[in-house]
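First comes the structure, then the notes that go with it.
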Amino acid sequence: MLVTGPLEMLDRLGARDSVGPSAAVRIPIGRGEILWSPRSVELDKDDAATIELYRWALGRARLEPAFTVEGADASVLVHAAAYHSVVLFTLVSEGPRAAVLRLRHGGREFEVTLPAERAALLLVGRRDGRVIASYQPT
């Protein structure tokens, strides 16, 4: 579990020395651990600190991303909703420029052109990775 917050939490959680980026602290709990950062990196103007902290936390948890996206900046949201036999990708742009996104999922790569301030949908089969349906505004 990754937690950010005020320093008073450290005493209550039995904190140890810093072990990761952004002065993150590892606190063992049972068979798991809490990863605590004193910095609210999500509010930082530079995304690099947020990316570094979350990559470190995901690595500690030994998790791999369900999908990856290239070509997106902070103005683009990509959400995957997994169902029994399909995955619905919702892509939303709040930016002033169109973006060409490369979405990787299940060994397949898809290219989606996302117009400025618009949304697109991509419905992908979980077994074969083929595109079942898509909506891309022009």
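Only one of A15, A72 is in a loop (DSSP other than H, G, I, E, B), modelled with pLDDT under 75 and of a type in the set (A, V, I, L, M); which?
A15
Where residues in segment 107-130 are out of contact with any Lys or Arg (no Cβ under 7 Å at 6 or more places or on another chain) and farther than 20 Å from L77 by Cβ, which of them is surrounded by the fewest Cβ atoms within 10 Å (Cβ to Cβ)?
G107
So which of G59, G107 ends up being closer than 21 Å to V41 by Cβ and either of a type in the set (K, R) or out of contact with any Asp or Glu (no Cβ under 7 Å at 6 or more places or on another chain) (or both)?
Only one candidate passes the filter, namely G59.
In a strand (DSSP E or B) and either free of Cβ contacts under 8 Å to residues at least 12 places away in the same chain or of a type in the set (K, R) (or both) - does that describe any residue in segment 48-62?
Within segment 48-62, none of the residues are in a strand (DSSP E or B) and either free of Cβ contacts under 8 Å to residues at least 12 places away in the same chain or of a type in the set (K, R) (or both).
Which members of segment 27-46 meet the condition of being surrounded by fewer than 16 Cβ atoms within 10 Å (Cβ to Cβ), modelled with pLDDT under 80 and not in a loop (DSSP other than H, G, I, E, B)?
Passing the criteria: E42, L43.
The values are calculated or read from the model by the stated rules, or taken from the named source; none is laboratory data. Since we're looking at a predicted model, the values are computed, not measured. As a convention, Cβ positions derive from the backbone with ideal geometry for all residues, glycine included, and neighbour counts pool all protein chains shown.
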